[in-house]
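The values are calculated or read from the model by the stated rules, or taken from the named source; none is laboratory data. Predicted, not measured: the structure shown is a model, and the values here were computed from it. Glycine also receives a Cβ, built like all others from the backbone with ideal geometry; neighbour counts cover every protein chain displayed. These area figures cover heavy atoms from the full protein model, side chains too; ligands, DNA and RNA do not enter into them. Shrake-Rupley method; radii C 1.70, N 1.55, O 1.52, S 1.80 Å.
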Amino acid sequence: MIPAQKTQIPGPRSSMLCAGLRRWESRNVTFLSAEFPVFWEQAEGVNVWDVDGNRYLDLTAGFGVAALGYSHPAIAAAGGAQLRQLPLGMGDVHPSAGKVELLEFLSRLTFEAWGRGEAKSILGCTGSDAVEAAMKTAFLATGRPKLIAFRGSYHGLAYGAMEATEMGDFQKPFLEQLAKRAVFLPFPNCWHCPWGKGERSPSECDAGCRSALAADLKRVFASHSVGAVLVEPMLGRGGMVLPPDWFLPLLRQVADEEGALLILDEIFTGFFRTGPRFACERWGVVPDLLCVGKPLGGGFPISACIGPAGVMDAWPESDGEALHTSTFLGSPLGCRLACAFLEEIESCRKGLAVEEKGKRLLAGLSESRFPASPLKNVRGSGLFVGVEVTDRHGRPDAALAGRLVSALLKAGLILLAGGPDRHVLSFTPPLVVTQDELNWSIATLHSLLERIGR
């Protein structure tokens, strides 16, 4: 369905609501300008309607949440029925049966599917919740307080998760309050090699980079009490970066040698976003702890830290007071929606053709088609794709990226720019997006580039 505008973008009602946000919301939360934002009123499939009746194609899936599109009929029906029957339980005291159903489902799709036996989980509401549960689990299992994380990472902004988030200025105002548990190492970025080897593709990455990171890992383990390695298999908010094929296997090997846990943050990349069910399956790497969230609740906030019983049983048996819990832990509504999402995506995963659509999206954005374009270093896997916006000298051009995002919004496309320099256009549409919708989006982007220029 092609976008249709009824008013200027943003429209009068969006502009009025912006004034309300400026008056009543903390000024640090929502970016407000004459061109941003539009206020959503309705969403279905890949389409979003704002309060002024304008329709957009959303190429973000709401930060990667709407994997099966918005208002999926089966998920919506499951949520409505649960809301009428039992919206809330007492998660760590008197839970609902749906909590057991979801926990079993997560076990079956992860460690059981990987041949590692049954898994146990800690449920949460946000990605930060899952990451912090994993950090606590790693400390209980190893007794070591430090962890290795990677530059450009984004694991959430709660205090524990923020310790391992090395992107932007999220930590800067709060440095004096942080415990500094994380030691940061370079994330292999073959388009901007942190070891000074220039630009290349992940398949061309040589053994020198692997040796450099291996040496860094050994050095940190030798000088710090490290209990875990925490990593996104592919950087999401940090610039849509795919690592070379040696990266995750190396982390698995070193963690095993050092007796540490490997924690994979698949909050963004999980549930077929990159092609396979989980991005780590691309390299055949099984983590010790897996963090999932974003699409899991079909739009409802729910997350999980999942691990084999042998790891998760580092937590003591409850004596009636849980050490890690929250009011909405395993809410009946969240669990029912998560089960409905998992049932639907597992039943239709082949028909989604994520890898095929991703290859066509990469080809459509390829700089070889538009050599004079400021779009460079196209990369991705499945419907997890990024492209850099650069100036005439090949340097990050955040200003142009911002103008493009605003112009695309006016043309009916919702897209965001990420990365440490805010210059990477990030394509993470709902997995149900059609090839025609992607083709139209690519054509619109290139048309705007010709008009906006450099």
Largest to smallest accessible area among 410, 146 [probe 1.4 Å] = 410, 146
For residue 397, the residues 5 or more places away or on another chain with a placed amide H closer than 5 Å to its own amide H are 389, 390, 391
Expressed as a whole percentage, what fraction of the accessible surface of segment 314-406 belongs to carbon and sulfur atoms when a 1.4 Å probe is rolled over the protein heavy atoms?
-> 51
Note, residue 104: beta-carbon cut-off 13 Å, +1 each Lys/Arg, -1 each Asp/Glu, net -1
Relative contact order %, segment 74-349, counting alpha carbon pairs below 8 Å whose residues are six or more apart = 30
Residue 245 and residue 350 label points (each 7 Å along its Cα→Cβ direction) are spaced in nm at 2.6
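Hey, could you get me the Stokes-Einstein D for segment 128-167, Kirkwood radius over alpha-carbon pairs, 25 °C and 0.890 mPa s, rounded to whole µm² s⁻¹?
For these conditions, the coefficient is 240 µm²/s.
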Stretch residue 93-residue 178 to full length: gain in nm at 0.36 nm per residue minus the Cα-Cα span?
-> 27.4 nm
Would you kindly calculate the translational diffusion coefficient of segment 1-88, applying Stokes-Einstein with the Kirkwood radius from alpha carbon pairs, for 10 °C and a viscosity of 1.306 mPa s, and quote it in µm² s⁻¹ without decimals?
-> 107
Which number do you get for Rg(Cα) / (2.2 N^0.38 Å) in the chain?
-> 0.97
Reciprocal of mean inverse Cα separation for segment 183-286 (Kirkwood radius, Å) | 14.2
The summed charge of the residue 426 Cβ neighbourhood (under 14 Å; Lys/Arg +1, Asp/Glu -1) stands at +1
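Report the relative contact order of segment 66-162, percent, no decimals, based on alpha-carbon pairs under 8 angstrom and at least 6 residues apart.
Value for segment 66-162: 16 percent.
When the helix-only estimate is applied to the chain (DSSP H runs of n ≥ 4, each -39,500 (n - 2.57), divided by the residue count), what is the mean residue ellipticity at 222 nm, nearest 500 deg cm²/dmol?
Details: 13 runs with 162 residues, N = 454.
The helix contribution divided over the chain gives -11000 deg cm²/dmol.
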Among beta bridges that DSSP assigns inside segment 74-349, antiparallel share in %, nearest 5 | 45
Using a 1.4 Å probe and ignoring any ligands, DNA or RNA, find the accessible area of residue 157 and quote it in Å² to the nearest 10.
-> 80
If the label point is 7 Å along Cα→Cβ of residue 372, which residues in segment 417-454 have backbone nitrogen under 16 Å from it?
-> 446-454
Amide H contacts of residue 262 (H built 1.01 Å from N, under 5 Å, at least 5 apart or other chain) = 229, 288, 289
A chain fully extended from residue 450 to residue 33 at 0.36 nm per residue, minus the present Cα-Cα distance, gains in nm 147.7 nm
Summing Lys, Arg as +1 and Asp, Glu as -1, what charge do residues with Cβ under 12 Å from the Cβ of residue 216 carry, residue 216 excluded?
-> +4
Solvent exposure of the chain as accessible area per residue, Å², 1.4 Å probe | 44
Roughly what % of Cα-Cα distances in segment 37-129 sit above 19 Å, to the whole percent?
-> 62
Could you give the distance between the Cα centres of segment 396-454 and segment 138-178, to the whole Å?
-> 31
Could you give the radius of gyration (one decimal) and Dmax (whole number) of the Cα atoms in segment 301-454, in Å?
-> 21.0, 66
log₁₀ I(q)/I(0) of segment 412-454 at q = 0.31 Å⁻¹, via Debye over equal Cα point scatterers, no solvent, to two decimals?
-> -1.15
Judged on accessible area alone, 1.4 Å probe, highest first, 324, 446, 393 line up as 393, 324, 446
Taking only Cα atoms of segment 137-192, radius of gyration then Dmax in Å | 12.2, 38
Search the structure for amide H atoms under 5 Å from the amide H of residue 183, placed 1.01 Å from N in the peptide plane, and list their residues when 5 or more places away or on another chain.
-> 147, 148, 149
Accessible surface of residue 70 in the full protein assembly, 1.4 angstrom probe, to the nearest 10 Å²?
-> 40
Among rounded, prolate and oblate, which fits segment 105-222 when a ≥ b ≥ c are the square roots of the eigenvalues of its C-alpha gyration tensor, a/c under 1.5 means rounded, and a/b larger than b/c means prolate?
-> oblate
Ranked order, 440, 283, 24 - accessible area, probe 1.4 Å, largest first | 24, 440, 283
Return the distance in nm (one decimal) between the two label points of a simple spin-label model at residue 26 and residue 159, each offset 7 Å from Cα along Cα→Cβ.
-> 1.4
